[in-house]
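Participant: Just passing along the structure, written as structure tokens.
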Amino acid sequence: MITAGSETKSDIKPPLWLLAELTYRCPLQCPYCSNPVEIAKYQNEISTEDWIRVMHQARKMGATQLGFSGGEPLVRQDLEELIQEARHLGYYTNLITSGVGMDEERVKRFKDAGLDHIQISFQASNEELNNFIGGTKSFQHKKEMARVVKEYEYPMVLNIVIHRKNIDQIRDILDMTVELNADYVELASTQYYGWSRINVDQLLPTREQLANAEKVAKEYQEKMKGKSRIIYVIPDYFENRPKPCMNGWGAIFLTIAPDGTALPCHEAGQLPIEFPKVTDMSVEEIWNDSPGFNHFRGFDWMKEPCRSCPEKEKDFGGCRCQAFMITGDPNNADPVCDKSPYHQQLLDDVERIGKIAAEEKGKDIKEQPLIFRNMKNSKKVINGEELKESA
């Protein structure tokens, strides 16, 4: 049943990327986490059998890439079993992890099970800041796990989320990736969803910081050419054109949340749209027929100025979640776009946050308020209490 958008069922292409968010449990408490703030609601995780059924159904449709994510996917004790089944089905598999909860023996088991790729995240380039942002003493363990991953002949892939608290360390961060002999480095500028959205006043960098970081990143991209691939993308809030979010709604990416909710992207659960669960419908039915997945397909849903914009087939109207968070209506033009009637609202907010950054300059990071990602703070959100957590 195609109920929204302008595409017919024959226009819908199969998913290519399956993101398995196995759990929202995590030993870290990063305030920039993109997980839903209401993580306390996700207590019931689907079973191993459910995940295997989903993997079979998505693969039958044509999905080729499979990411194991979270939270922290290492928390799931069935991870090796899921990896082994994914290898049997012919997926290319990627484990996205903090490294906390992993040791050499487990890396060996992953290798034996057929895992193709491991990405390890760091919070900063020095131990004190890394441990503070993550909320646990993890820095030395992460470095050891990075070395072990390399020893087991995995490509060395490091992810460092960049924000106002660590962006001035970007040269030290890149020196660390060189020291660890990284093959791929993702300087992942924070995109403001979930926990990072409620911390945006404390995390959004200034324009000056971004300009310096971009200069340093380009320097290292040239310096490490042929040795390491360095990816650096600035936050959406500083762009004038929206990104083609997920290459279009329900076009390529299929995300399954820990409770089995199927989503067109990992943030779509916040939208005022009902999405089905894989325990109630098959992946094929969800992808092709569910109202949630057809909601923003095509162009008929678009308001002006998107509807008549010649660039709509390039950017698909931008990010629906971003439009919802900033304007309150997911059908509005993405405020990142300078054609959007809400673009000035975004610019004003960036300027306001820049003033906050100027006022906190010189203060110790521990004196600055941050709302850390943990169950206590999640329950405050669900219960409607005002969050007043300080670092």
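Participant: Output the qualifying pairs, or none if there are none: Cβ atoms under 7 angstrom, residues six or more apart or on different chains, first residue in the range 314-327 and in a loop (DSSP other than H, G, I, E, B), second residue among the β-branched types (Val, Ile, Thr).
Facilitator: Final answer for the pair search is 318/336.
Participant: Residue 52 versus (1) part of a helix (DSSP H, G or I); (2) without any contact (Cβ under 8 Å) to a residue 12 or more places away in the chain: which is the lone unmet condition?
Facilitator: (2)
Participant: Just checking, how many residues over the range 144-167 are open to solvent by 50 Å² or more (accessible area, probe 1.4 Å) and in contact with a helix residue (DSSP H, G or I) (Cβ under 9 Å, 6 or more places away or on another chain)? I'd like the intermediate steps shown before the answer.
Facilitator: Let us first name the residues in the range 144-167 that are open to solvent by 50 Å² or more (accessible area, probe 1.4 Å), namely 144, 147, 150-153.
After this cut, where a residue has to be in contact with a helix residue (DSSP H, G or I) (Cβ under 9 Å, 6 or more places away or on another chain) as well, the list is 144, 151-153.
Total meeting the criteria: 4.
Matching residues to (1) of a type in the set (Ser, Thr, Tyr); (2) surrounded by 15 or more Cβ atoms within 10 Å (Cβ to Cβ); (3) over 19 Å from residue 245 (Cα atoms):
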site	(1), (2), (3)
292	no, yes, no
297	no, yes, no
313	no, no, no
346	no, yes, no
364	no, no, yes
374	no, yes, yes
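Participant: A follow-up question, please. Cβ-Cβ distance below 7 Å, separation of 6 or more or different chains: which pairs start in the range 191-202 with a residue that is of a type in the set (D, E, K, R) and end on one that is assigned to a helix (DSSP H, G or I)?
Facilitator: Here the result reads 197/325; 201/353; 201/356, each pair linking the range 191-202 to a residue that is assigned to a helix (DSSP H, G or I).
Participant: Now a separate question. With respect to residue 208, determine if the residue is open to solvent by 70 Å² or more (accessible area, probe 1.4 Å) and either under 15 Å from residue 167 (Cβ atoms) or assigned to a loop (DSSP other than H, G, I, E, B) (or both). Lay out the reasoning, then the answer.
Facilitator: On the way: open to solvent by 70 Å² or more (accessible area, probe 1.4 Å): yes; either under 15 Å from residue 167 (Cβ atoms) or assigned to a loop (DSSP other than H, G, I, E, B) (or both): yes.
So residue 208 passes the test.
Participant: Right, something else. Report those helices (runs of 4 or more DSSP H) wholly inside the range 64-138 carrying at least 1 residues which are farther than 23 Å from residue 30 by Cβ and in contact (Cβ under 8 Å) with a residue 12 or more places away in the chain. Break it down stepwise before answering.
Facilitator: On the way: elements: 79-89, 104-113, 127-134.
Passing ranges, in order: 79-89, 104-113.
Participant: Checking residue 153 against (1) among the acidic types (Asp, Glu); (2) under 26 Å from residue 215 (Cα atoms); (3) assigned to a loop (DSSP other than H, G, I, E, B), which single condition isn't satisfied?
Facilitator: (2)
Participant: While we're on this one: Looking only at the range 48-62, count every residue that is aliphatic (A, V, I, L, M) and buried (at least 21 other Cβ atoms within 10 Å of the Cβ) and tell me the total.
Facilitator: The initial filter retains those residues of the range 48-62 that are aliphatic (A, V, I, L, M), namely 52, 54-55, 58, 61.
Next cut, buried (at least 21 other Cβ atoms within 10 Å of the Cβ) only: 54-55, 58.
Selection size over the range 48-62: 3.
Participant: A further question on this structure: Conditions first: (1) more than 16 Å from residue 124 (Cβ to Cβ); (2) modelled with pLDDT of 95 or more; (3) within 22 Å of the chain's Cα centre (by Cα). Residue 182 passes all but one, so which condition is the exception?
Facilitator: All conditions are met except number (1).
Participant: Taking the range 63-100 as the search range and keeping residues that are open to solvent by less than 40 Å² (accessible area, probe 1.4 Å) and polar (S, T, N, Q), which one is farthest from residue 154 (Cα to Cα)?
Facilitator: First, the residues of the range 63-100 that are open to solvent by less than 40 Å² (accessible area, probe 1.4 Å): 63, 66-74, 76, 78-80, 82-83, 86, 89, 91, 93-95, 97-100.
Adding the requirement that they be polar (S, T, N, Q) leaves 69, 93-94, 97-98.
On the way: 69: 18, 93: 12, 94: 11, 97: 14, 98: 16 Å.
Step by step, filter the range 63-100, then rank; the result is 69.
Participant: In the range 362-378, which residue that is at pLDDT below 85 and of a type in the set (Lys, Arg) is nearest to residue 194 (Cα to Cα)?
Facilitator: So, considering only residues that are at pLDDT below 85 and of a type in the set (Lys, Arg), the one nearest to residue 194 (Cα to Cα) is 366.
Participant: Scan 32, 24 and give me the residue that is assigned to a loop (DSSP other than H, G, I, E, B) and under 14 Å from residue 256 (Cα atoms).
Facilitator: Numbers: 32 fails: under 14 Å from residue 256 (Cα atoms).
Answer to the check: 24.
Participant: For the list (1) of a type outside the set (Phe, Trp, Tyr); (2) in a loop (DSSP other than H, G, I, E, B); (3) under 27 Å from residue 208 (Cβ atoms), I need the number of the one condition that residue 186 fails.
Facilitator: Of the numbered conditions (1) of a type outside the set (Phe, Trp, Tyr); (2) in a loop (DSSP other than H, G, I, E, B); (3) under 27 Å from residue 208 (Cβ atoms), the odd one out for residue 186 is (2).
Participant: Something else now. Restricting to the range 156-169, give me the number of residues that are of a type in the set (A, V, I, L, M, F, W, C) and part of a loop (DSSP other than H, G, I, E, B). Write out each step before concluding.
Facilitator: Keep residues of the range 156-169 that are of a type in the set (A, V, I, L, M, F, W, C), which gives 156-158, 160-162, 167.
Subsequent filtering for residues that are part of a loop (DSSP other than H, G, I, E, B) retains 156.
Total satisfying the criteria: 1.
Participant: So which residues in the range 349-362 are open to solvent by 80 Å² or more (accessible area, probe 1.4 Å) and part of a helix (DSSP H, G or I)?
Facilitator: 351, 352, 355, 359
Participant: Same structure, new question: Based on this model, can you work out whether residue 200 counts as within 24 Å of the chain's Cα centre (by Cα), open to solvent by less than 30 Å² (accessible area, probe 1.4 Å) and of a type in the set (Val, Ile, Thr)? I'd like the intermediate steps shown before the answer.
Facilitator: On the way: within 24 Å of the chain's Cα centre (by Cα): yes; open to solvent by less than 30 Å² (accessible area, probe 1.4 Å): yes; of a type in the set (Val, Ile, Thr): yes.
Yes: the conditions hold for residue 200.
Participant: Next question. Residue 170 fails exactly one of the following numbered conditions: (1) buried (at least 22 other Cβ atoms within 10 Å of the Cβ); (2) more than 21 Å from the chain's Cα centre (by Cα). What is the number of that condition?
Facilitator: It fails just one condition, (2).
Each row is one residue, and each column tells you yes or no for (1) surrounded by fewer than 17 Cβ atoms within 10 Å (Cβ to Cβ); (2) under 30 Å from residue 352 (Cα atoms); (3) in contact with a Leu (Cβ under 7 Å, 6 or more places away or on another chain).
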{"residue": "229", "(1), (2), (3)": "yes, no, no"}
{"residue": "233", "(1), (2), (3)": "yes, yes, no"}
{"residue": "237", "(1), (2), (3)": "no, yes, yes"}
{"residue": "241", "(1), (2), (3)": "yes, yes, no"}
{"residue": "247", "(1), (2), (3)": "yes, no, no"}
{"residue": "261", "(1), (2), (3)": "no, no, no"}
{"residue": "268", "(1), (2), (3)": "no, yes, no"}
{"residue": "272", "(1), (2), (3)": "yes, yes, no"}
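Participant: Give the range 7-47 a look and list any residue that's open to solvent by less than 30 Å² (accessible area, probe 1.4 Å) and not hydrophobic (A, V, I, L, M, F, W, C), or say none.
Facilitator: Of everything in the range 7-47, those that are open to solvent by less than 30 Å² (accessible area, probe 1.4 Å) and not hydrophobic (A, V, I, L, M, F, W, C) turn out to be 15, 21, 23, 24, 31, 32, 35, 36.
Participant: Still on this structure, I have one more. Looking at (1) touching a helix residue (DSSP H, G or I) at 6+ places or on another chain (Cβ under 6 Å); (2) modelled with pLDDT of 95 or more; (3) under 30 Å from residue 382 (Cα atoms), which is the one condition that is false for residue 38?
Facilitator: Unmet condition: (2).
The values are calculated or read from the model by the stated rules, or taken from the named source; none is laboratory data. Model, not experiment: these values are computed from the prediction. Neighbour counts are summed over all protein chains in view; Cβ atoms, including those assigned to glycine, are modelled from backbone coordinates with ideal geometry. Heads up: the accessible areas ignore ligands, DNA and RNA and are worked out on the full protein's heavy atoms, side chains in. Shrake-Rupley method; radii C 1.70, N 1.55, O 1.52, S 1.80 Å.
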